[in-house]
1. Given R₀ = 25 Å, what would the calculated FRET efficiency be for Glu220 paired with His166, taking r from the Cβ atoms and rounding to 0.05?
2. For segment 1-43, which GluC sites (Glu not before Pro) are both in a DSSP coil and crowded by at most 13 other Cβ atoms within 10 Å?
3. I'd like to verify something in the chain: which complete DSSP H helices, judged by Cα projection on the helix axis, reach 24 Å or more and average at least -1.0 on the Kyte-Doolittle scale?
4. Quote the Stokes-Einstein diffusion coefficient, in whole µm² s⁻¹, for segment 147-218, based on the Kirkwood radius over alpha carbon pairs, a temperature of 25 °C and a viscosity of 0.890 mPa s.
5. Just to verify a number: FRET efficiency for Glu37 and Lys192, C-beta to C-beta distance, R0 = 41 Å, to 0.05?
6. Could you work out how much longer the chain between Ser147 and Glu184 gets when fully extended? Use 0.36 nm per residue separation minus the Cα distance between them, nm to one decimal.
7. Please compute the modelled spin-label separation between Ala100 and His202, points set 7 Å along Cα→Cβ, answer in nm with one decimal.
8. With each pseudo-label sitting 7 Å past Cα toward Cβ, what's the Met86-Met63 distance in nm, one decimal?
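Read-outs throughout are calculated quantities, based only on the coordinates presented, and are distinct from any laboratory measurement. Since the model is a prediction, treat every value here as computed from it, not as a measurement. Neighbour counts are summed over all protein chains in view; Cβ atoms, including those assigned to glycine, are modelled from backbone coordinates with ideal geometry.
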Amino acid sequence: MASQHDPRQNHLLAALPRDEYQRLAPHLERVELTLGESLVESGKVMRHVYFPTDSIVSLLCVMEDGDSTEIAVVGAEGIVGISLFMGGETTPGRAVVQSAGGAYRLKGQLLKDEFDRASTLQYLLLRYTQALITQMAQTAVCNRHHSLDQQLCRWLLLSLDRLPSHELVMTQELIANMLGVRREGVTESAGKLQKAGLIAYHRGRISILDRPGLEARVCECYAVVKKEYDRLLSYQRPG
């Protein structure tokens, strides 16, 4: 059973065989991630990867004028910093903490060394990357073809799947920045969900009151992403 501060609260680390986990464990540094903190900046060489435990990190696509839109979220199911083991070292996007909490940081070179062993970690990271690409692609489709109400439902459900509680600490302004829309649009959509009894919003805290109700309103994009994560990240290596 994982303790309150145990790297194996992250699902990727929990899925490692004992010998692989023990090679990494002494080098895993627990860090507290604060809301709005930037872990990765556009074009900057990455030195570490992050394994969230009870935090959520947003991966953002940044435009020249500084505007940004969220293309994926990462929580306890994954890792922040795939460009390190995919060979790129840098990325044109940013990684910003969406929900504060804990994570474990690992030096990039140590991760690459373990990845190059063609170990179970390599297998898990490649499958995770495929799932993440699916989330990015579906987000792009959703932002183009579905209503803001549906996008907000998708965003809330994906965030909930990555947190141990039914509450998000998130301002409407930050949600608007994540979705790449005007704050007034988020206010209107959140108001509809609150009026329908699906959520309660007060002073930057969003409480989910009726998850089945959200699932009934969301577009198919949420189910596509969830199904692919469930398929790829069962964390069982074929015999």
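1. Once rounded, the FRET efficiency stands at 0.60.
2. Numbers: sites: Glu20, Glu29, Glu32, Glu37, Glu41; in loops: Glu37, Glu41.
Hits after loop and neighbour filter: nothing returned.
3. The answer, listed by residue number, is 120-145.
4. 206 µm²/s
5. It comes to 0.85.
6. Details: separation 37, 0.36 × 37 = 13.32 nm, distance 1.43 nm.
That pair, Ser147 and Glu184, stretches by 11.9 nm at full extension.
7. About 2.0 nm separates the two model spin labels.
8. If labels sit at Met86 and Met63, their model points lie 2.3 nm apart.
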